[in-house]
Every structure is written in structure tokens, then in C-alpha cells.
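The values are calculated or read from the model by the stated rules, or taken from the named source; none is laboratory data. Keep in mind the model is a prediction, meaning the values are calculated, not measured. Cβ atoms come from the backbone with ideal geometry, glycine included; neighbour counts cover every protein chain shown. Just so you know, the surface numbers come from the protein's heavy atoms only, side chains and all, with ligands and any DNA or RNA stripped out. Shrake-Rupley method; radii C 1.70, N 1.55, O 1.52, S 1.80 Å.
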Amino acid sequence: MKKEKKGKLRIIPLGGLEQIGMNITAFEYEDSIVVVDCGLAFPEDDMLGIDLVIPDVTYLKDNASKVKGFVITHGHEDHIGALPYVLKEINLPIYTTKLTMGIIENKLKEHNLLRSTRRKVVQHGQSINLGKFRIEFIKTNHSIQDASALAIYSPAGVVVHTGDFKVDYTPVFGDAIDLQRFAEIGKKGVLALMSDSTNAERKGFTQSERTVGITFDHIFAEHQNTRLIIATFASNVDRVQQIINSAYKYHRKVVVEGRSMVNIISTASELGYLNVPENTLIEIDEMKNYPPEKMVLITTGSQGESMAALSRMAADVHRKVTIQPNDTIIFSSNPIPGNEKSVSRVINELSAKGAEVIFQDTHVSGHACQEELKLIYSLVKPKYAIPVHGEYRHLKANAEVAKSLGIPKQNVFIIQSGDVLELDDESAKVVDKVHTGAVLVDGLGVGDVGNIVLRDRQHLAEDGIIIVVLTLERRTNRLLAGPDIVSRGFVYVRESEQLMEDARKAVSDALDKCLSGRHTDWNKIKLTIRDAMNDYIWKKTKRRPMVIPIIMDVDV
């Protein structure tokens, strides 16, 4: 049995397939495991009160002695957001590029993990040795600086993981994607390519980030008499750079608003990824010293998030900024799937205040479309294709691209989180499944809210709660007070006094039967109350609120 296991590479995605977000993949060869990325996902609509969703890393904890470290492709939340939570459970070194490390260090500071976490900054073109693996960082383009693809060398062969990427021949900062290196690695033979599928359904090429700069320039030229408010992703440093360039050209001052935006921009300027001309950036409190038409606000909230700066401005609850009828607001982003409603709500609120809202041509994606995927497949020439990063339909579209380039159908693997794909030059197949899942973060609690708690929250949200309170004499079980009924989220009590009175009567009758039958078991009494209440309420309203009986006992 031992013989068969030797010499095969195991690829185990622990999250990030079937969804956009929570990317984390383990690569295992004999006694070495390397983990690529460690991201979070944002909660679904039915996850009431949940703040974040992080991956379940039981597999890594069970194999802690083998795990050599985290290798991070770039600094987006869906690739680094879970690090502070996971590091508390399994302390591993982190390897990544300079800006990505700067953003991660901000997070570690907040969680008091900076001193206990080993970190190594790697440059593009460099390699690191981790156990049986050698990992090379390759320069790519994305909507955040310093994104990398990874060439993962193992004794079983080379796997190329593109990370999130696009091909931008004219990036705003730094060099274009290192296509030459992809080709060189492809010449030597690549076992598998794991490539970004986010835009795999879209034909053609993704536009260069610079095209947005040109659009901004036009908008600035056409709106010289209004204040400009631009909402974009905090992490898109190049986008911010282009806004600052246009602001400088048209002699406007720039205010940055929104905590995540301020954090990332200060990190990026300290590390030299953002070039801000002197006296261009001002504090939000200095805004009143300048006329509105000389101002640009760069803010968070392009996804309609209720707590972000732009949403607070739209709802008139922002302490420092009030939307004026003469403002021009630019959404420099596309709604992430699922956020369309909240984005259109914010656009409506802004328009109702008389502001002009622009959302055409002010955004380009950070992900590769079909033609760029074909380019990477053609340069890398992998034996196996493993689409990653996307919902099933995106993975499927990426698989179709791979097949259209002549990769045989049996060599294209659409796998799910938890699948163990074992591969070498001879063969590749899913041989096992490991435990994976989502851990819910609510406030400071990590994982203390599970399915049962969520189910209760949904129940409360849909039907409300009724509490029945009564007092019994100890030993004799004589009813001393009650039953009284308190309800929340069920009906408006003042207008439903009759219903409540009848419900109370139904409970009293059931209780009398129970007590006269000499039932002293309180659980039995509680059950009787709950059943009587449920039956009566269902008959009258066709609703099923949560019923909680509370019995107090008193010595008389």
C-alpha cells in the first residue's frame, strides 16, 4: 500500500470552489504540506447577524506537523481575510510579496498577532523552499498591486497556480504580467494549471486598468463645477492612483474616507506603491476650507454595504459629509453578484438628493476573460487543467476553454472543496474527501454560531417569539400567578388583545388539566404549555412563533 502513495502530489482545496471567496488550497507531497491563500467569504442573506465566514481548517490542524507555511498570491480579503483567525489555531509562517505583506501586517496588528507570526517578503522571480516543495513567485496583473502566480515544484511535477489575474500590457504601476516566464515553465513541462475562472464566461479580453484613467480624465474635464465623490474598492491602489492623477491635473484636493480605504492607502504610500503629489491629500476636517468644485472624495461603499462611507452619506448619517444637489457621484466598480439590490438602493437614495450618479465605463475587471485564459493555457501547456476561483458555472466555462485548446476531457477536473486530487505524470483522480466547511464569525465569537443557532435566528426573524410566564408553589405545584404572555415580533399586542387573552385562556385550560392530573414533572408541564400555545396560535393565525415557557417556583 505504501508503494502506491509514494510519488504522487495531492491537491486539496479547503474552500473557494463553488463560490467567489474563501480561497484556501493545500498542496501535499509525502510529509510536506504548503497552503496557498487563506481567505474569507461574506455572509449569505440567510446568515442573520453573521459578520464573516472563514474556512474550517481541521485538516491542517490534524496534519500540523507536515504544514510548512502559507503562501499568499495577493492582498484581497477573499485570499487573506481568514489569516488572523486561522493563525490563532495553527501558527505558520507567511510568504508573500511586499504590498500583500503590508496589508496582512495591518490585520495581524489588529489581532495582536504581529510578534508571534513569522513573515518573509518574497520578490517576483524568487523562489522559496518549503519541505519537498519549491515555490516560485511570478509577476501577474490584477486589481491590486503585487499579485503573483505561483509555480509549485514538487518531485511529482510542476503545478502552476495563476492566483487572480488578468493580462494588462499597460498597467498603471510596475511591469506587465511576466508572460515570458509562463512560457519558459511551459517549455519544461507542466503537470497541471489551476487558473482563475471568475470571468471565464466572458469572451474577449479584459480592458487595461488605464482605460478607466482616461474615463476619469473625461469626467473631471466635464464636471469642473461640481464636487466629485468616487466610490471604489479600498484595495484597488491603481484606481486610487488614477483618481489622484486626474485630481492633480485639474487642481483638486483629495479626501480619502472609509477606514479600510485609509488603511490600505497609507500602507501603499509608505511602501512606495502610490505616488501622491504634495499638498494633494487633505484631511476630511479641512474640506470646509475649499470650495466644493475643488474637491474629490475617494470613498468605500461601492457595493452598497450599509456601514460603508458612501451608504452613510446617502442615508444622511455621515458625520462629516452631506450629499448636495450639485454633487457628482461615480461608482468605480461593478456590483459583486448578490449585491445588486443594495447598490441600486444607494444609487436611488443619491439620485433622490439631486446628485448625478455615473456608473458607465468607470470600472474594469481584475480577472482574465476567455482570450487571456487561452493565452495562459497555450503558454503553460499543462497536462491537466483544474479550474479554480469561482462558482460552478465559472469553473465549467473555464473547463470548456481548456477543452477547446485540445486538453482531453478526462484531463480536465472540476473539483469541489474537500476533494483530494492525487496526480502524477501517469494519472490524476479524486481519491478521497477531507472535512471542510464554513466557520461563522459573529462579533468576537468564532464558530460559536452553528446551524442550529442560525435556524433559531431564522425562526425568530420569520415568526417572532412568545414567552409564557407562570409561578407555581414549590411542592404542591399550586398556580400562584400567571400564566402571563409576552410576545416580540409576533403581533402588535395593543391591537390583538383579544387574541392574547384567548391564547392565555387556552394555556390556562391546558395547565389546569395538567396540574389536576398531579403532574409534577416540570418538563411535562412546559411541553403541555408549548403544545397548547402552538395549536391555538396556528389555528388562529397560521403562524408558528417560538414558544418559551418559563416557570418560577416560590415557597409560600
**Report entry** Correct choice for log10 I(q)/I(0) by the Debye sum over Cα atoms at q = 0.06, 0.07, 0.08, 0.11 Å⁻¹ that was computed from the model, options [x] -0.32, -0.44, -0.57, -1.03; [y] -0.41, -0.54, -0.66, -0.99; [z] -0.37, -0.50, -0.63, -1.02
**Finding:** [y]
Query raised in the report: Considering only DSSP beta bridges whose two residues both sit in the chain, what percent are antiparallel, to the nearest 5?
Result: 50 percent
Requested in this report: Calculate, for V554 and E497, the FRET efficiency according to 1/(1 + (r/R0)^6) with r their C-beta to C-beta distance and R0 22 Å; round to the nearest 0.05.
Outcome: 0.20
Report summary line: Cα-based Rg/(2.2 N^0.38 Å) for the stretch 421-515, rounded to two decimals, is 2.02
Query raised in the report: Which of the peptides 121-131, 160-170 is most tightly packed, and how do the rest follow, judged by the mean count of other Cβ atoms within 10 Å per residue?
Result: 160-170, 121-131
Query raised in the report: Tell me, what ³J(HN,Hα) does each residue in the stretch 240-252 have, in order and in whole Hz, if you take phi through Karplus 6.51 cos²θ - 1.76 cosθ + 1.60 with θ = phi - 60° and put x for Gly and Pro?
Result: 4, 4, 5, 5, 5, 4, 5, 4, 5, 4, 9, 6, 10
Report summary line: Counting only protein heavy atoms with a 1.4 Å probe and every protein chain in place, the carbon and sulfur fraction of the accessible surface of the stretch 47-124 in whole percent equals 44 percent
Report summary line: Note: Q180 to N275 extended length (0.36 nm per residue) minus current alpha-carbon separation gives 31.4 nm
Report task. Compute the accessible area per residue over the chain, keeping the other protein chains in place, probe 1.4 Å, unit Å². Result -> 46 Å²
Report task. Any lysines with Cα under 28 Å of the K249 Cα? List them, leaving off those in the same chain fewer than 8 positions away. Result -> K288, K294, K320
Requested in this report: May I ask for the net charge around K403, where only other residues with Cβ less than 13 Å from the Cβ of K403 are counted and Lys, Arg are +1 while Asp, Glu are -1?
Outcome: +2
Requested in this report: Keeping to pairs on different chains or 8 or more places apart, tell me how many lysine pairs in the stretch 371-491 have Cα atoms under 21 Å apart.
Outcome: 17
Query raised in the report: Taking only the alpha carbons of the stretch 144-217, what extent do you get along each of the three principal axes, in Å, biggest first?
Result: 51, 28, 19
Report summary line: At the level of C-alpha centres, the distance separating the stretch 175-232 and the stretch 432-501, in angstrom, is 50 Å
Query raised in the report: For the stretch 199-208, in order, what is each residue's ³J(HN,Hα) by Karplus, 6.51 cos²θ - 1.76 cosθ + 1.60 with θ = phi - 60°, in whole Hz (x at glycine and Pro)?
Result: 10, 5, 7, 8, 6, x, 10, 7, 5, 5
Query raised in the report: If the cut-off is 29 Å between C-alpha atoms, which lysines fall inside it for K513, apart from same-chain ones fewer than 8 positions away?
Result: K505, K524, K526, K539, K540, K542
Query raised in the report: Stretch F205-E371 to full length: gain in nm at 0.36 nm per residue minus the Cα-Cα span?
Result: 59.2 nm
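Restricting attention to the stretch 401-474, which trypsin sites (Lys or Arg not before Pro) occupy a DSSP loop and are surrounded by at most 12 other Cβ atoms within 10 Å? Intermediate results must be reported in sequence, preceding the final value.
Numbers: sites: K403, K409, K429, K433, R455, R457, R474; in loops: R474.
Loop-located and lightly packed - R474.
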Query raised in the report: Stretch L527-S116 to full length: gain in nm at 0.36 nm per residue minus the Cα-Cα span?
Result: 142.8 nm
Report task. Could you point to the residue in P292, S311, Q324 farthest towards the positive end of the stretch 277-389's charge dipole, with +1 and -1 charges on the Cβ of Lys/Arg and Asp/Glu respectively? Result -> S311
Query raised in the report: What is the spin-label model distance, in nm, from K341 to N225 if the labels are put 7 Å beyond Cα along the C-beta direction?
Result: 4.0 nm
Query raised in the report: What does the charge dipole of the chain about its Cα centre add up to, to the nearest 20 debye, if the Cβ of each Lys and Arg holds +1 and the Cβ of each Asp and Glu holds -1?
Result: 1080 debye
Requested in this report: For E400 paired with R455, estimate the spin-label separation in nm (one decimal), with each label point 7 Å from Cα along the Cα-to-Cβ line.
Outcome: 3.9 nm
